[in-house]
Structure formats: C-alpha cells, structure tokens
Amino acid sequence: MTFWTSKKLTEMTPEEWESLCDHCGKCCLHKLEDEETGEIFFTDVACKLLKINTCQCSHYSQRNELVPECLNIRTMDTSQYEWLPSTCAYRLLNDNQPLPTWHPLIKGNTKAMKKKGVSISNYAISESPKLDLEDHIIDWII
Ligand code: SF4
Ligand code: SF4
C-alpha cells in the first residue's frame with residue numbers, strides 16, 4: 001500500500017502532499033473561462049514568477065502575496081479542482097482516479113513524465129502585457 005492509495009488527500013502529511021506534485025507547471029499557465037458555459041481554457045502563457053525551464057515558482061513562499069490569483073491547492077475547495085489540469089495528481093486522487101503510470105512517485109524519477117510531454121517547459125512562454133491570451137489557447141495531447 002502506498003500513501004496515495006491508502007490515505008485521503010486531507011489525511012496526508014505536508015511532505016506526502018508536496019510529493020504528489022509532478023512539477024508539470026500546468027497550473028501556472030494563465031486560464032480563461034467562458035462566462036456563459038463555464039468552460040475553462042488553458043493558454044501557453046505562464047505566470048511571471050514561473051521559471052519555465054524547471055517549472056518551479058521563483059517566489060514560492062510569497063506566491064499568494066505576489067500573485068493573488070495563484071491557486072493554493074491545499075486550501076482551495078475541491079469544487080474548484082476543475083481549474084487544475086486533468087493530469088494533476090490532486091485532481092485525479094480527488095476524483096478517485098489512480099496516478100498515471102508515468103508519475104514520478106511510481107517511476108521514481110521524472111524521465112517518463114518528460115518523455116510523455118507532460119511538462120510545459122518545452123512550449124510555455126512567460127506572460128507579457130503585449131500578449132492577448134485569447135491568441136494563446138492550447139489543447140493538450142496529455
Ligand atoms: S498541475 Fe498539479 S501536478 Fe502539475 S505542477 Fe500544478 S499542482 Fe503540480
Ligand atoms: S505564483 Fe508561483 S505557483 Fe503561483 S502561478 Fe505563479 S509561478 Fe505558479
């Protein structure tokens with residue numbers, strides 16, 4: 001038994017919780033919501049604080065002060081998990097889905113995840129006032 005199959009998200013230690021993140025960077029992409037349908041669209045434009053090559057936040061401990069719209073997954077209501085990508089471990093476990101076979105906790109490293117193209121590091125661009133987010137909507141293959 002692994003902690004992610006035996007525990008609920010709310011029962012996990014901070015270390016267990018953090019280890020679920022595969023650092024794909026997808027949650028740090030800007031999103032648009034269709035006001036009429038509620039449909040959420042991801043763009044390839046990343047938050048200004050994201051280090052795109054490593055998919056790490058450059059100011060993680062201050063992120064909520066510096067970027068108020070930053071998603072704090074640990075405190076957000078699970079009804080808001082639709083704002084997370086479908087590959088995100090928190091969304092999957094909350095939906096009683098297994099972790100994907102490429103997940104770093106299963107593989108022991110990030111090679112399979114990167115080979116699958118889950119990380120945004122190969123295509124994301126950093127936010128800029130010149131960019132129109134509607135021109136940057138993307139579809140994921142995974
Ligand atoms: S989408 Fe989920 S798994 Fe990917 S970086 Fe964000 S929190 Fe981590
Ligand atoms: S503040 Fe950091 S964690 Fe939040 S969206 Fe931006 S890069 Fe991601």
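The values are calculated or read from the model by the stated rules, or taken from the named source; none is laboratory data. Just so it is clear, the structure is predicted and the values come from calculations on it, not from any experiment. Here Cβ is always computed from backbone atoms with ideal geometry, including for glycine, and neighbour counts include all displayed protein chains.
The table below lists the values:
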| quantity | calculated |
| --- | --- |
| Subset of the stretch 108-142 [within 11 Å of ligand 1 (Cβ to nearest atom) and either outside any loop (DSSP other than H, G, I, E, B) or over 21 Å from Leu29 (Cα atoms) (or both)] | Met113 |
| Among the candidates Leu92, Leu105, Leu99, residue that is surrounded by 18 or more Cβ atoms within 10 Å (Cβ to Cβ), hydrophobic (A, V, I, L, M, F, W, C) and in a helix (DSSP H, G or I) | Leu92 |
| Residues satisfying the stated conditions in the stretch 71-89, i.e. within 16 Å of ligand 2 (Cβ to nearest atom), without any contact (Cβ under 8 Å) to a residue 40 or more places away in the chain and part of a loop (DSSP other than H, G, I, E, B) | Asn72, Thr75, Met76 |
| Criterion violated by His136 - all others in (1) touching an Asp or Glu at 6+ places or on another chain (Cβ under 9 Å); (2) more than 16 Å from ligand 2 (Cβ to nearest atom); (3) modelled with pLDDT of 95 or more satisfied | (2) |
| Matching entry among Glu36, Glu16 (being more than 26 Å from Leu105 (Cα to Cα), more than 16 Å from ligand 2 (Cβ to nearest atom) and either modelled with pLDDT of 95 or more or among the charged types (D, E, K, R) (or both)) | Glu36 |
